[in-house]
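Reviewing the structure listed below.
The values are calculated or read from the model by the stated rules, or taken from the named source; none is laboratory data. Every value quoted in this text rests on a predicted model; they were computed, and no experiment measured them. Every residue, glycine among them, receives a Cβ derived from its backbone with ideal geometry; neighbour counts consider all protein chains shown.
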Amino acid sequence: MTGRPRQSDIAKLAGVSQTTVSLTLNGKTAEHGINNETEQKIMAAARQLGYVPNVTARALRGGRNGLIGVHAFEPLFPTSKESYYEEIMIGIEQQAIRSGQDLVLFTSMHQDEGPASIFHEGRNRLRIADGAIILGFDEHDDELARLAAEGFPFVFIGRREKAAALMPYVTADYVTAVSDLMRLIHRHGHRRVAYIGVPDNVMPRLERRHSFRMACTDLDLTIVDSTLANYGELDPGWLERLLDGGTTALLVESTSHLEEIAALCAGAGVEIPDRLSVVGLDSINNSPAISRRWTHLTVPRLPIGARAVELLLEVLDGQHELTYHERLPCGFEPGVTLARPPA
């Protein structure tokens, strides 16, 4: 036989009809009463002929082909081990394997003109997949709305206000995590606190800041200072203002600031946590550059990636409304940088 083997070739070798082959290869043996012996005969013939299904044609016909798309509006694989996406992608891959799905990675980075886009020359490039998991800090709500209008199923990782009514999303429960952390800080006896974040407005950080402010109001904590700064912009004068204002606990939004704060404290002779407790609000990757066991929250990135795969498959099976959302709990590492304030 020359050329690519077809279902008719399998039917001839197995001694069955082409319809029976098609139903078997599409996983419909049980509902059409095809017995196990016939199924095994067809699958053996397919293997013998080296048959590979045309997943593109099957997707165009509206069937399930076992492919899950992963699309991001920014690079998923930077060289730094501090990558936000690393654990998420591991979770996606591991759950796809457990669920018997293949992954197709889509990227918009190659497009020469205009911003990153799912649509190329007016076509939805994700259509080859049954559905897609979409990631990205940058807002592309118009593209998500267009996907939803086409009826293409997707699950977004992260919270999107405008897109929340379009398709399900899964994210971390930052609000509860920061609120619980502030109550712990309060129980330790701290009453004057400060916050350092980075100057952007991505949703995870906005949720942390909102929860911090609400918890301070509820617990009657005084916010001595709330600063947004890039790495390298903190100086001894900033630390001096915190301490002069009576700050005993500092909440740190980005892990990039932790070692910068440690260096400033060391230069000023300020002991952590004896004089100033410092608590991180994000996961910290193990690295020789980490000077101590910081007290910090942990973001469940690997579980988020895994749950996104499960949730997409549940959506494809019709188990959820499109407005369904999930928030996974954050963890907590007690570390050694939170203590009672000095007497």
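General remarks:
- When restricted to residues that are in contact with a Gly (Cβ under 9 Å, 6 or more places away or on another chain), more than 14 Å from L338 (Cβ to Cβ) and of a type in the set (A, V, I, L, M), the stretch 234-278 contains 1.
- Screening the candidates A249, A339 for the property of being modelled with pLDDT of 95 or more, more than 27 Å from E87 (Cβ to Cβ), surrounded by 14 or more Cβ atoms within 10 Å (Cβ to Cβ) and touching a His at 6+ places or on another chain (Cβ under 6 Å) yields one hit, A249.
- Single residue of A45, A59, A148 found to be at pLDDT below 80, closer than 30 Å to A14 by Cβ and assigned to a helix (DSSP H, G or I): A59
- Which listed residue is modelled with pLDDT of 90 or more, buried (at least 17 other Cβ atoms within 10 Å of the Cβ) and in contact with a helix residue (DSSP H, G or I) (Cβ under 9 Å, 6 or more places away or on another chain), from L234, L219: L234
- With respect to the conditions (1) more than 25 Å from the chain's Cα centre (by Cα); (2) buried (at least 21 other Cβ atoms within 10 Å of the Cβ), T171 lacks only one, and its number is (1).
- Only one of E143, E87, E139 that is over 15 Å from L67 (Cβ atoms), at pLDDT below 80 and within 16 Å of the chain's Cα centre (by Cα): E139
- Restricting attention to the stretch 185-201, the residues that are over 16 Å from L221 (Cα atoms) and surrounded by fewer than 20 Cβ atoms within 10 Å (Cβ to Cβ) add up to 4.
- Taken together, the criteria place V309 among residues that are touching a Ser or Thr at 6+ places or on another chain (Cβ under 8 Å), in a helix (DSSP H, G or I), modelled with pLDDT of 95 or more and not assigned by TED's automatic domain parsing to the domain that holds R187.
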